[in-house]
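Encoded as structure tokens, the structure appears first; notes follow it.
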Amino acid sequence: MWLPILGLILGLALGYILPVNIPTAYAPYVSIAVLAALDSVFGGVRAWLEKKFDIEVFVSGFFGNAILAAVLAYIGDRLDIPIYLAAIFAFGTRLFQNFAIIRRYILKSISGKDKIED
Amino acid sequence: MQQLLIAFFLAITAFLAMLQFKSPSNVNDPSIASSLERIENLQQQVTGLEQRKQELVEELKGHQARMAELEKQGGEDSTYIKHLTQQLDDARILAGLTELEGPGVQVILNDSDREMIEGSNVNAYLVHEQDLLSIVNDLKAAGAEAVALNGQRLLANTQIKCGGPTIITDTERFVPPFIIDAIGDPATLEAILIQPGGIYDILKYWGIQINVKKMDKITVPGYYGPVNFRYAKPVER
């Protein structure tokens, strides 16, 4: 359980330290991609807790969703259709669902009703 | 293994999220923020260059004075050199490189002080480059021998053009008030400007402040900018 948190901290630290900047023109698309990636990660955690984790599904979902979301948002901007709203709804809803399930697992593991091996 | 994978991708996500967080778009409008910075930067550059130009102009004036002195010294030795120097001086006067004085007029222009009529165009109340061009042209038509705008000599190839809120000539930018000094017959120069239907009447209609003053003695500076003929060459016969 500590490894993902370590990864989170490492990512934040690297992003803070490294002198990389996203061009402002692409910032909206990157933010959509981040949302999609976050959704994939939550999905992965949930699958792992449910012991249904599949590496191929996870990796393809991570990159596929992020790239598709960013590209759709870009196309939407070009066509004057706010497609990014669809991405926000889809990924946002799933993110909260996944988080709810993860929360239940964690609560269960704390109360000891159903121990999850590490 | 699975944990490691999740950790790795969470790291990527966090990295991107942090980049987004860092970018100025979350602080305030990036286009305004960066462009303001850029404008300030460019303004500083312009100020620096203008200062440097002023220094160089001073230096140039010093060199010109030294050159005149040397020419005078050379003229004392030989009549031939004296003759050449005389020709050179005549050519300089013709080219507008010499400071000249004589009788003439001084025209002072400023933007309108009249209250604007509701719904009228604000441009009608400002001094424009056409107004200056028109005055300079009239003065030349009336036989002005040397004309200067705000202390800058106007040569045959000097342009007067619009530069947003300023008016630009060869090397300088000017803001109102505009002062045009012209050497010539004061009565003729004044007459062409204040004739009925002339530029004076037109500008006065809009309340633009124009003041034509006859002068017994007026000084027009020499041109000190670069004179480059890059394309035109004398025809050899």
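The values are calculated or read from the model by the stated rules, or taken from the named source; none is laboratory data. None of the values given here were measured: they were computed from a predicted structure. For neighbour counting, all protein chains shown are included, and Cβ atoms are generated from backbone atoms with ideal geometry for every residue, glycine included. What goes into the accessible areas is simple: the full protein's heavy atoms, side chains included, and nothing from ligands, DNA or RNA. Shrake-Rupley method; radii C 1.70, N 1.55, O 1.52, S 1.80 Å.
What pairs can you find where one residue is in region A:16-43 and farther than 15 Å from A:A86 by Cβ, the other is open to solvent by less than 30 Å² (accessible area, probe 1.4 Å) and assigned to a loop (DSSP other than H, G, I, E, B), and their Cβ atoms are less than 6 Å apart, with a gap of 6+ or different chains?
Short answer, once both residue conditions are applied: A:I22/B:S23; A:A27/B:S23; A:V30/A:I22.
Can you name the residue in region A:1-32 that is more than 7 Å from chain B (Cβ to nearest Cβ) and aliphatic (A, V, I, L, M) and is also farthest from B:I6 (Cα to Cα) among such residues?
Once the filter is applied, the top-ranked residue is A:A25.
Quick check on B:E172: is it surrounded by fewer than 17 Cβ atoms within 10 Å (Cβ to Cβ), out of contact with any Phe, Trp or Tyr (no Cβ under 7 Å at 6 or more places or on another chain), modelled with pLDDT of 90 or more and within 25 Å of B:A68 (Cβ to Cβ)?
Here the answer is no, as B:E172 does not meet what is asked.
How many residues, within region A:26-47, are open to solvent by 40 Å² or more (accessible area, probe 1.4 Å) and more than 17 Å from A:L72 (Cβ to Cβ)?
The qualifying residues number 2.
Given the conditions (1) modelled with pLDDT of 75 or more; (2) in contact with a Lys or Arg (Cβ under 7 Å, 6 or more places away or on another chain), report the number of the one that B:I81 does not fulfil.
Here B:I81 meets the rest and fails (2).
Listed here are the residues, each with its yes/no results for (1) of a type in the set (G, A, S); (2) closer than 28 Å to B:Y200 by Cα.
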| position | (1), (2) |
| --- | --- |
| B:L42 | no, no |
| B:E58 | no, no |
| B:H63 | no, no |
| B:L70 | no, no |
| B:Q73 | no, no |
| B:S78 | yes, no |
| B:E101 | no, yes |
| B:S120 | yes, yes |
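Do you know which residues across region B:185-218 are in a helix (DSSP H, G or I), β-branched (V, I, T) and under 23 Å from B:Y125 (Cβ atoms)?
Passing the criteria: B:I194, B:I199, B:I202.
Could you check how many residues of region B:129-153 are in a loop (DSSP other than H, G, I, E, B) and in contact (Cβ under 8 Å) with a residue 60 or more places away in the chain?
Residues that pass the stated criteria total 1.
Among B:I199, B:I160, which is surrounded by 14 or more Cβ atoms within 10 Å (Cβ to Cβ) and either under 30 Å from B:Q51 (Cβ atoms) or touching a strand residue (DSSP E or B) at 6+ places or on another chain (Cβ under 7 Å) (or both)?
B:I160
In region B:92-120, what residues are outside any loop (DSSP other than H, G, I, E, B), touching a residue at least 24 places away in the same chain (Cβ under 8 Å) and among the hydrophobic types (A, V, I, L, M, F, W, C)?
B:A95, B:L100, B:V105, B:V107, B:I108, B:L109
Which one is most open to solvent (accessible area, probe 1.4 Å), of the residues in region A:49-84 that are at pLDDT 85 or above, of a type in the set (F, W, Y) and closer than 28 Å to A:I5 by Cα?
A:F63
Any residue in region B:80-91 that is touching a residue at least 24 places away in the same chain (Cβ under 8 Å), more than 23 Å from B:T188 (Cα to Cα) and not aromatic (F, W, Y)?
No: zero hits.
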